[in-house]
Amino acid sequence: MKPLRLQRGQLPETGAVLAQNVLDGDGHVALHKGRVLDAEDRHRLEALPWNELHVIAVEPGDVHEQEAGRRLAALLAGEGVAVDAPSSGAYPLVARHRGVVELDAFRLARLNEIEDLAVYTRPAGYVAREGERIGGVKIIPFVTRVDRLEAAERVAAGGTFRVRRFVPMRVAVFVEDTVEERVFSRARRALEEKLAFFGSEPAVVQRVRLSADALAQALRKAFDESAQLVLVAGGNPMDPLDPALLALERVGARMEKHGIPAQPGTLLWLAYAGAVPIVGAPSCGLFTKATALDLLLPPLLTGERLSRAAVAELGGGGLITPEVAWRLAPYRSGCARGLLDPE
């Protein structure tokens, strides 16, 4: 790559790359920066009103930004990620479907240590809509070296960036039977709308007497009917003798995390009966708000098994405010993420 400054009367060689826009007599762009000049462009340059021209002479081992960006973006795009048409010299990465953004942060950092390129993404855990821009690749100069591109390709091989698709699931919901009908109905509508965003729906929404026996019986029936996710609302999770906690023991479920490091929603818990996750909340009223439940639903509804360690990591950014809304699903158009009503 050899940068050249040409004066009026000098013309670049065919195959050189423009490093600046060239304007016509009306001030409009006649030739755009980054353009690989051909014979016709050289003739146009003779007629255009410029005095100094910056170009890049391409040498062996050089590669144009478009080819380099296209090649790198194609390698970075893993499952659920597509490469869109270039815009302003960058190759956008977009979600092919709704899901949760997953990325290899170590590889991403290594890529950005390589000279001449920039790769940027939404944060890991971002809830993406289909067609949404979730990242991009930009080659900084108009021409880079092929050895730098090949080094980046070795790091990116195998797909550094993915969108894990939401999986439709059978969801069973059990709510304490003492809840007022008005509250129950509102909570049910809210939960149905939230689950619909992920492509799921509640197969069972049932009021249950808050006793260990009644809840254990309801849970066993849900498992028999192939429930893939269970939500339990009601009780007092701070009480070790809470009926919901006792019911878990009776059906052989194991507590994964008692208390979620997020606010609101710290009193939620996550347990597993075999492969089936069970999420407990002190009140169904939490279904209508943006809470820790909205941090658990996206990964659970991709089929991910949330470990205690994974739940613990929610604490960084667990104070649920508008600044961390990227972690929440955009349930309804016109509303902030995680919400069903405009603020």
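The values are calculated or read from the model by the stated rules, or taken from the named source; none is laboratory data. Only a predicted model underlies this, so the values are computations on that prediction, with no experimental measurement involved. All Cβ positions, even for glycine, are placed from backbone atoms using ideal geometry, and neighbour counts span all protein chains on display. Calculation scope for accessible area: heavy atoms of the full protein, side chains included, ligands and nucleic acids excluded. Shrake-Rupley method; radii C 1.70, N 1.55, O 1.52, S 1.80 Å.
Which of (1) 1.18; (2) 0.97; (3) 1.01 is the computed Rg/Rh (Cα atoms, Kirkwood Rh) for the structure on display?
Evaluating Rg/Rh (Cα atoms, Kirkwood Rh) on these atoms matches (1).
Using the Karplus curve 6.51 cos²θ - 1.76 cosθ + 1.60 with θ = phi - 60°, what ³J(HN,Hα) values do you get for each residue of the stretch 280-296, in whole Hz, with x for Gly and Pro?
x, 9, x, 7, 6, x, 5, 4, 8, 10, 8, 9, 4, 4, 6, 7, 7
Can you figure out the FRET efficiency of Phe106 with Lys221, using R₀ = 45 Å and their beta-carbon distance, to the nearest 0.05?
0.50
With every protein chain kept in place and ligands, DNA and RNA left out, what is the accessible area per residue of the chain? Probe 1.4 Å, answer in Å².
It amounts to 48 Å² per residue over the chain.
Rounded to the nearest 10 Å², what accessible area does His28 have for a 1.4 Å probe in the complete protein model?
Probe radius 1.4 Å; accessible area of His28 about 110 Å².
Taking the DSSP beta bridges in the chain as the whole, what percent of them are antiparallel, to the nearest 5?
In the chain, approximately 70 percent of DSSP beta bridges are antiparallel ones.
Whose amide H sits under 5 Å from the amide H of Val208, counting only residues 5 or more places off or on another chain, with H placed in the peptide plane?
The answer is Val175, Glu176, Asp177.
Connecting C-alpha atoms closer than 10 Å in a GNM of the chain, tell me which of Glu304, Glu40, Glu256 has the biggest fluctuation.
Glu40
Non-local amide H neighbours of Ile114 (under 5 Å, H modeled in plane, Pro and chain starts lacking H): which ones?
The list, which skips near neighbours in sequence, is empty: none.
Compute the helix-to-body angle for 146-156: its Cα long axis versus the longest principal axis of the chain, expressed 0 to 90° and rounded to tens.
So the inclination is approximately 10 degrees.
When the scattering of the stretch 171-257 is computed by the Debye formula from its Cα atoms alone, each counted once and equally, what is log10 I(q)/I(0) at q = 0.13 Å⁻¹?
For the stretch 171-257, the Cα-only Debye profile gives -0.42.
For Thr178 and Asn236, calculate 0.36 nm times their separation in residues minus their Cα-Cα distance, and state this gained length in nm to one decimal.
19.5 nm
Projected onto the charge dipole of the stretch 225-278 (+1 at Lys/Arg Cβ, -1 at Asp/Glu Cβ, origin at the Cα centre), which of Pro240, Leu229, Pro261 gives the Cα projection farthest towards the positive end?
Toward the positive end, the furthest listed residue is Pro261.
Percent of accessible area on the stretch 110-249 owned by carbon and sulfur, 1.4 Å probe?
48
For a quick check: with amide H placed at 1.01 Å from N, whose amide H comes under 5 Å from Ala30's, ignoring anything fewer than 5 positions away on the same chain?
Val22, Leu23, Asp24
Provide the gained length on full extension for the span Ala309 to Glu79, in nm with one decimal, where the gain is 0.36 nm per separating residue minus the Cα-Cα distance.
That works out to 80.3 nm of additional length.
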